[in-house]
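Visitor: Structure below; questions to follow.
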Amino acid sequence: MLNKTAHLSPSKQLAMNYFRVAIVLFGAQLLFGLVVGLQYLFPGFLYEIVDFSVARMIHINALVVWMLYAMIGSVYLMLPDETGIEKPVGMGLGKLAFWVLTAAVAVVVVVFLFIQVGPGKESSIWFINEGREYLEAPRWADIGIVVVVLIFYANVFFTYMKGQKTGIMTVMVANLLAVAGLYLAGMFFTDNISMDQYWWWWVIHLWVEATWEVFVGTLAAYALLRVIGAKREIVEMWLWIEVLMLFGSGILGLGHHYFWIGTPEYWWEIGALFSSLEPVPLVAMFVHVLYDWGKEQGEHEAEGKGSSIKNGPTMAWVTTNAFGNFLGAGIWGFFHTLPQVNIYTHGSQFTAAHGHLAFFGAYATILIGMMYLGIQDSYGLKKLKATFKSKMAIFLITFGVLGMAVALTIAGYEQVLVERAELGAGWQAFFTAQNLPWYVQAQVWREIMGVVTFVGFVYLVWDLLTIGKVEAAAEEA
Ligand code: HEM
Ligand code: HEM
Ligand SMILES: [Fe+2]
C-alpha cells in the first residue's frame, strides 16, 4: 500500500492516504481493546497510567475515526470512476484538509493519552474531552472536523455536479449530507443529561442504523460493479429499495434508545415496532450481494469463462459484510430491541456483544474490502487474487470477532439471569454476577479471541503491503 501510486488519479492518491491512516488507527483500536479486555481480568493492570475509562475511550473513538477515514477514502476512490472526472473540483483544498485532519487527530490522541481528564469546567470540554461516548473529541477539534468535512463534501458535490450523474453517486451525495449534518447534533451541550443523551443518540444511532448503512449500500453496489461486473441497473435498483427501507425503519427505530432515559413512554411502542423492522433491509442487502454474484457467475460459467471475480479479497470481504451486517446488526440487534427484553439486557455484556459484531460485520468488513480495491488500482492490476495472507487475515479476524461476540453473549446471558432476574439488579447483584465462573471464563475467552483477531490484523497489514507487488509480478510473467 506504500508505493506505486504515482500514476493514480489525484482523487485515488488521496484515497490511499486516507486508507493508510485508517489502518494505523484500526491497529491502535485493537491494541487498546486488548488493554481494556485485560483490565476486565486484572483490574489493576495499568491502573492510574491508562485507566479502564481512558483505554476504553481510545478504543471506541479510534474505531469511529478509522471508519470515517476509510469512508472518506472510499468516496475518493469511487469518485473518478463514477463521475468520469479524474481530478475532483477543489482538489488542492481536499489534500490540505487531509493533513489538517490528521494533525488534529494526532493532537487529540496525545491529549487523551497524557492529560486524560480535566476539571468539570467549560475549558475541559473545549480542550480535553467532550465526554460523549464515541465522540469524545474536544470542542475545538469538533469544529475543525466540521470544516474538514465541509471541504470534503464540496469536493464530492461539485465534482458530481460537473460529471456524469449515476444512481450510486446521487445516493452517495444526498446521504453524505445527512451523515455530516447529523454530526452537529452531538455538538451542542445541555445541562440536562436526558436531553443530552437524546441528541447524542441522533448521531450514533442515525449514523450506524440509517446513514452509514445507506453508505455501505452504495459501496457494495460500486464494488459489485467492479469486482464481478454486475449490471448497473440491477445494483442501482437494489440500492434504491434499500434506501427506502433503511430510512423507513431506521429513523423511528431510534426509539429503542429512548426506553430508559426519561423520554415519554410512547417511545416503547414506536421503538419496539420500527426497530423490529430494521433487520428487513439488512436481509435485502444480503440478498442483493448473493443474487448479483450468483447471476454474474452463472453467466460466466455458461459462457465457459470461469470465475467472474476480478478481486478475490474484496469479494470475500464484501460477502462477509453481507453476512456480518445481517448477523451482527439484524439478529444480535433484534434480540434485545423489544422493551420487554431490553429491560433485562440493557447495558449488559450482551450490548457489547452486539456492538462488536455489528460494527465489525456492517462496517469494518466492507471498508477493508475497499482498501483492496485501492491496491488493485494502485498497481493497475486486471485481477487481484487472494494470497495465503489474505485468507489468513479474513479468517482470523472474522473468527476472532465472532468468538469475542459469542463469549460476550454468554457473559451477558449470565448477567441477565443472575444479576437482573434473580438478584434484582442492585449494586451488590452487579458484583456478584461478575465473579461467577460463567462470567469470568467468558471474559478470558474474549481476550483469547481478541488476540486471534489481532494476529489476523497483522496478516492483513502484511498482505496489504505485499499483495500488489506479488500480483504485479505474476501478471507480467
Ligand atoms: C450496523 C448497525 C449497528 C451498529 C454498528 C450497532 C451498534 C450498537 C452499539 C455500539 C450499541 C451500544 C451503544 C452504547 O454504547 O450504549 C448498540 C446498542 C443497541 N443496538 Fe445496535 N447497532 C446496529 C444496529 C442495530 C439494529 C438493526 C438493532 C435492532 C434491530 C439494534 C439494536 C440495539 C439496541 C436495542 C441497543 C441498546 C442496547 C442496550 O439497551 O443496552 N442495533 N448498538
Ligand atoms: C482485539 C480485539 C478487541 C478487544 C479485546 C476488545 C475489547 C473491548 C472491551 C473490553 C470493551 C469495553 C467493554 C465495556 O465497556 O464493558 C470494548 C468496547 C467496544 N469495542 Fe472492542 N475489542 C476488540 C475489538 C473490537 C472491534 C474489531 C470492534 C469493531 C469493529 C470493536 C468495537 C467495540 C465497541 C463498539 C465497543 C463499545 C461497546 C458498548 O459500549 O457496548 N472492538 N471492546
Ligand atoms: Fe439503535
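The values are calculated or read from the model by the stated rules, or taken from the named source; none is laboratory data. From a predicted model like this one, the values you see are computed outputs, not experimental measurements. Note that each Cβ is placed from the backbone with ideal geometry, even for glycine, and that neighbours are counted across all protein chains shown. Ligands, DNA and RNA are excluded from the accessible area calculation, which covers all protein heavy atoms including side chains. Shrake-Rupley method; radii C 1.70, N 1.55, O 1.52, S 1.80 Å.
Visitor: Which one is farthest from ligand 2 (Cβ to nearest atom) among residues in segment 3-59 that are assigned to a helix (DSSP H, G or I) and of a type in the set (Val, Ile, Thr)?
Guide: Val21
Visitor: Please work out which one of (1) within 10 Å of ligand 2 (Cβ to nearest atom); (2) in contact with a Lys or Arg (Cβ under 8 Å, 6 or more places away or on another chain) is the condition Lys383 fails and give its number.
Guide: Answer for Lys383: the failing condition is (1).
Visitor: Now for a different question. Looking at Phe247, Phe188 in this structure, which one is of a type in the set (Phe, Trp, Tyr) and either on the phi > 0 side of the Ramachandran plot or not in a helix (DSSP H, G or I) (or both)?
Guide: Within the list Phe247, Phe188, the selection yields Phe188.
Visitor: Also, quick follow-up: What about Lys87, is it open to solvent by 60 Å² or more (accessible area, probe 1.4 Å) and outside any helix (DSSP H, G or I)?
Guide: Yes, satisfied.
Residues are listed down the side, and each one gets a yes or a no for (1) polar (S, T, N, Q); (2) surrounded by fewer than 16 Cβ atoms within 10 Å (Cβ to Cβ); (3) over 17 Å from Gly361 (Cα atoms):
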| residue | (1), (2), (3) |
| --- | --- |
| Val416 | no, no, yes |
| Gln434 | yes, no, yes |
| Leu460 | no, no, no |
| Ala474 | no, yes, yes |
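Visitor: Another question, if that's okay. Name the single residue, out of those in segment 242-266 being in contact (Cβ under 8 Å) with a residue 24 or more places away in the chain and over 22 Å from the mean Cα position of the chain (by Cα), that is surrounded by the fewest Cβ atoms within 10 Å (Cβ to Cβ).
Guide: Going through the qualifying residues, I end up with Gly262.
Visitor: Given the condition within 16 Å of ligand 2 (Cβ to nearest atom) and at pLDDT below 95, answer yes or no: does some residue in segment 260-275 qualify?
Guide: Yes, segment 260-275 contains a residue that is within 16 Å of ligand 2 (Cβ to nearest atom) and at pLDDT below 95.
Visitor: To continue, here is another question. How many residues does segment 102-152 contain that are assigned to a helix (DSSP H, G or I), of a type in the set (Gly, Ala, Ser) and surrounded by fewer than 16 Cβ atoms within 10 Å (Cβ to Cβ)?
Guide: The number of residues fulfilling the criteria is 3.
Visitor: Kindly list, by first and then second residue, each pair from a residue in segment 328-345 that is away from ligand 3 (no atom under 13 Å from the Cβ) to a residue that is basic (Lys, Arg) and at pLDDT 95 or above, limited to pairs with Cβ atoms under 9 Å and residues at least 6 apart or on different chains.
Guide: The qualifying pairs are Ile343/Arg420; Tyr344/Arg420; Thr345/Arg420.
Visitor: Among the residues of segment 192-208, is any open to solvent by less than 10 Å² (accessible area, probe 1.4 Å) and either over 21 Å from His256 (Cα atoms) or more than 16 Å from ligand 2 (Cβ to nearest atom) (or both)?
Guide: Scanning segment 192-208 turns up no residue that is open to solvent by less than 10 Å² (accessible area, probe 1.4 Å) and either over 21 Å from His256 (Cα atoms) or more than 16 Å from ligand 2 (Cβ to nearest atom) (or both).
Visitor: Hey, another quick one. Inspect segment 220-229 for any residue being out of contact with any helix residue (DSSP H, G or I) (no Cβ under 8 Å at 6 or more places or on another chain), open to solvent by 20 Å² or more (accessible area, probe 1.4 Å) and either away from ligand 2 (no atom under 16 Å from the Cβ) or assigned to a helix (DSSP H, G or I) (or both) and give the result as yes or no.
Guide: No: segment 220-229 contains no residue that is out of contact with any helix residue (DSSP H, G or I) (no Cβ under 8 Å at 6 or more places or on another chain), open to solvent by 20 Å² or more (accessible area, probe 1.4 Å) and either away from ligand 2 (no atom under 16 Å from the Cβ) or assigned to a helix (DSSP H, G or I) (or both).
Visitor: Sticking with this structure for a sec: Are any residues in segment 5-30 open to solvent by 40 Å² or more (accessible area, probe 1.4 Å), under 17 Å from the mean Cα position of the chain (by Cα) and either within 16 Å of ligand 1 (Cβ to nearest atom) or not charged (D, E, K, R) (or both), and if so, which ones?
Guide: Answer for segment 5-30, where residues must be open to solvent by 40 Å² or more (accessible area, probe 1.4 Å), under 17 Å from the mean Cα position of the chain (by Cα) and either within 16 Å of ligand 1 (Cβ to nearest atom) or not charged (D, E, K, R) (or both): just Val24.
Visitor: Now for a separate question. Give me a count of the residues in segment 311-363 that are outside any helix (DSSP H, G or I) and in contact with a strand residue (DSSP E or B) (Cβ under 7 Å, 6 or more places away or on another chain).
Guide: The total comes to 1.
Visitor: May I ask you to say which residue of Glu269, Glu296, Glu236 is without any contact (Cβ under 8 Å) to a residue 40 or more places away in the chain, at negative phi and surrounded by fewer than 20 Cβ atoms within 10 Å (Cβ to Cβ)?
Guide: None of the others qualify; the one that does is Glu269.
Visitor: What's the total number of residues in segment 153-191 that are surrounded by 14 or more Cβ atoms within 10 Å (Cβ to Cβ), polar (S, T, N, Q) and over 20 Å from the mean Cα position of the chain (by Cα)?
Guide: 4
Visitor: Might you let me know whether segment 377-395 holds any residue that is within 11 Å of ligand 1 (Cβ to nearest atom) and of a type outside the set (Ser, Thr, Tyr)?
Guide: Scanning segment 377-395 turns up no residue that is within 11 Å of ligand 1 (Cβ to nearest atom) and of a type outside the set (Ser, Thr, Tyr).
Visitor: Looking at segment 316-330 only, could you name the residues that are touching a His at 6+ places or on another chain (Cβ under 9 Å) and open to solvent by 10 Å² or more (accessible area, probe 1.4 Å)?
Guide: Ala329
Visitor: Which condition number does Tyr134 fail, the rest of (1) over 14 Å from Val65 (Cβ atoms); (2) modelled with pLDDT under 95 being met?
Guide: It fails just one condition, (1).
Visitor: Any residue that is of a type in the set (Ser, Thr, Tyr), in contact with an Asp or Glu (Cβ under 6 Å, 6 or more places away or on another chain) and assigned to a helix (DSSP H, G or I) - is there at least one of those in segment 288-298?
Guide: Looking for residues that are of a type in the set (Ser, Thr, Tyr), in contact with an Asp or Glu (Cβ under 6 Å, 6 or more places away or on another chain) and assigned to a helix (DSSP H, G or I), one finds none in segment 288-298, hence no.
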